[in-house]
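The values are calculated or read from the model by the stated rules, or taken from the named source; none is laboratory data. These numbers come from a predicted model, not from an experiment. Positions of Cβ are generated from backbone atoms using ideal geometry, with glycine treated the same way; all protein chains shown enter the neighbour counts. The protein model used for the area step is the full one, side chains on, heavy atoms only, and it has no ligands, DNA or RNA in it. Shrake-Rupley method; radii C 1.70, N 1.55, O 1.52, S 1.80 Å.
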Amino acid sequence: MLFCHSQPESYHQHSASYIREALAPFLKNEEARLMAETGAKRMPFQCILCAATSPAVKQQEESLTYLNQGQSYEIRMLNRKLVEYTDISSKYVKSIVRVVFHDRRLQYMEHQQLEGWRWNRPGDRILDIDIPLSVGIMEPRSHPMHLNTIEFLWDPVKNASVFIQVNCISTEFTPRKHGGEKGVPFRIQVDTFTTNEHREYMEHVHSSSCQVKVFKPKGADRKLKTDREKIAKKTPQDREKYQLSHETTVLKECSPWPDALNFTNHSSSSAPSPVYHSSPTSCSFTDGNCSPNQQGELLMPSCSDHLLPSTSLQDTQQWLHHHRFSPFSRLFSSFSGADLLRMSKEDLIQICGPADGIRLFNTMKGRCIQPRLTIYVCQQQARNQAPTKPGGGDVYHALYLEELTLLDLSEKIAMLYSITPQQITHIYRQNPSGIHVLVSDEMVQNFKEETNFILSTTRDGSTDGYHVVLK
């Protein structure tokens, strides 16, 4: 995803003003202050990251903050008391915090980079929220498919503090693994929204961000100490070319992240439930027998739509959606059928979790649900009806029962005749002596595997349904 941040305005140092230097972490830069004094509208919020800025940054460049991997850092969500809340109508606002790339080159490749990190670190998140330490926030959320994003609600009348943890380091996204100094910079961005007329958090009110680099534990402290020692060795004239280091980092106002609106309106849709599509054709019974409109082996649990090695990228995506693996379609966006089929069950469990991993593996391998009972049925021929099999002989159809119940048997016979199960009023079994025994669940459970039956039907005049006899 391409997103170019506008660079922050220059920070003009006033070394003579010690009071201003003491308050610098909590003030805007000089140019923004002058704009506010001339009547320009100031944004209602200010975000402050409680981490020190580097002193080895020149005046014309953006400030840089070093963070330790996995350490909790506070972001203060401040209410500027000088600004009236005439534009904030909702009781709460939603803030979305994300870690994104600073370099434009990596912004082009953001999706691929994040998916590569997910592949190498299955089960981990790039950005986490430390809920026990956070104060004044409600409904904190982290979407499983957005590893670099968290969101929460807070009261704009009160200040709030959210503690975040960045679990990736800057060198994980470099072609060659050098030290932390050579790692790529990130941005921490906070987008804040209020509710619209539909009570959805879609009205953007504020965005701010800062540049950071993330090191292995304690690496940020060592790097900051090294920078301070380097600047201390310079002459006073050279030190004036660099920004002063502050104990906190003020996030500079910026444009909202492009997909922030989509993320606020995101709602995970549940997978569609399987739908039974009955055939539009029907079967008309004659006295004592019937011929189904469709021939062939029926009612086997469907094993079609297999994933093949030749399946293209686009067809693989459709296959994932069709089999209710939509949450992983983005993760496997660059996988063909051959790529997925090469993966073992352990690989899929590690990537998708135990439940979905096993289900995906079984679906890929075309493992059908094994029926608990298989019986063969032949429809009784009418006396004046020609044999359905060339050269004579009877044709049998296989019925596969997943449940050993009368209801399952009725549904399978009804599908064979293209009618509804409700049209079958009773099913009987004719024993060798010729009597008709009413079929029950217990009788179905005692059917032997691959038993052969001849089906005959008679119309029930009282209900306009049909009696089915198994011989």
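For the stretch 232-244: of the residues being part of a loop (DSSP other than H, G, I, E, B) and open to solvent by 40 Å² or more (accessible area, probe 1.4 Å), which is nearest to ARG98 (Cα to Cα)? Before you say what the answer is, go through the steps one by one.
Taking the stretch 232-244 and keeping what is part of a loop (DSSP other than H, G, I, E, B), we get 233-235, 240-241, 243-244.
If we keep only those that are open to solvent by 40 Å² or more (accessible area, probe 1.4 Å) as well, we get 233-235, 240-241, 244.
Numbers: LYS233: 37, LYS234: 36, THR235: 39, GLU240: 33, LYS241: 31, LEU244: 27 Å.
Going through the qualifying residues, I end up with LEU244.
Quickly run through the stretch 437-471 and pick out the residues that are small (Gly, Ala, Ser) and either loosely packed, with under 12 Cβ neighbours inside 10 Å or not assigned by the TED database to the domain that holds LEU409 (or both). Write out each step before concluding.
Applying the first criterion (small (Gly, Ala, Ser)) to the stretch 437-471 yields 440, 456, 461-462, 465.
Residues satisfying the conditions are GLY461, SER462.
What number of residues within the stretch 326-373 satisfy the criterion of being in contact (Cβ under 8 Å) with a residue 40 or more places away in the chain, small (Gly, Ala, Ser) and assigned to a helix (DSSP H, G or I)?
Number of matching residues: 1.
In the list SER326, SER302, which residue meets the criterion of being open to solvent by 80 Å² or more (accessible area, probe 1.4 Å) and at pLDDT below 85? Reasoning before the result, please.
On the way: SER326 fails: open to solvent by 80 Å² or more (accessible area, probe 1.4 Å).
None of the others qualify; the one that does is SER302.
Scan (1) under 25 Å from LEU147 (Cβ atoms); (2) open to solvent by less than 10 Å² (accessible area, probe 1.4 Å) for the single condition ILE169 breaks and write down its number.
It is condition (2) that ILE169 fails.
Restricting to the stretch 115-144, count the residues that are among the acidic types (Asp, Glu) and surrounded by 15 or more Cβ atoms within 10 Å (Cβ to Cβ). Can you show your working first?
Here is the first cut: in the stretch 115-144, the residues among the acidic types (Asp, Glu) are 115, 124, 128, 130, 139.
Filter once more, keeping what is surrounded by 15 or more Cβ atoms within 10 Å (Cβ to Cβ): 115, 128, 130.
Summing the residues that are among the acidic types (Asp, Glu) and surrounded by 15 or more Cβ atoms within 10 Å (Cβ to Cβ) in the stretch 115-144 gives 3.
Assuming ASP394 fulfils every condition listed in (1) modelled with pLDDT of 85 or more; (2) open to solvent by 40 Å² or more (accessible area, probe 1.4 Å); (3) among the charged types (D, E, K, R) apart from one, which condition is it?
Only one criterion is unmet by ASP394, namely (1).
Please enumerate the residues belonging to the stretch 204-226 that are open to solvent by 20 Å² or more (accessible area, probe 1.4 Å), part of a strand (DSSP E or B) and at pLDDT 90 or above.
Selection gives GLN211, LYS213.
Name the single residue that is farthest from THR405 (Cα to Cα) among those in the stretch 418-436 being open to solvent by less than 60 Å² (accessible area, probe 1.4 Å) and hydroxyl-bearing (Ser, Thr, Tyr).
Among residues in the stretch 418-436 that are open to solvent by less than 60 Å² (accessible area, probe 1.4 Å) and hydroxyl-bearing (Ser, Thr, Tyr), the one farthest from THR405 (Cα to Cα) is SER418.
Could you pull out the residue among GLU197, GLU229, GLU181 that is at pLDDT below 85, assigned to a helix (DSSP H, G or I) and surrounded by fewer than 19 Cβ atoms within 10 Å (Cβ to Cβ)? Spell out how you get there, then give the answer.
Values: GLU197 fails: assigned to a helix (DSSP H, G or I); GLU229 fails: at pLDDT below 85.
After applying the criteria, what remains is GLU181.
Within the stretch 329-364, can you find the residues that are in contact with a Phe, Trp or Tyr (Cβ under 7 Å, 6 or more places away or on another chain), open to solvent by less than 50 Å² (accessible area, probe 1.4 Å) and farther than 18 Å from ARG121 by Cβ?
Answer for the stretch 329-364, where residues must be in contact with a Phe, Trp or Tyr (Cβ under 7 Å, 6 or more places away or on another chain), open to solvent by less than 50 Å² (accessible area, probe 1.4 Å) and farther than 18 Å from ARG121 by Cβ: LEU340, LEU360.
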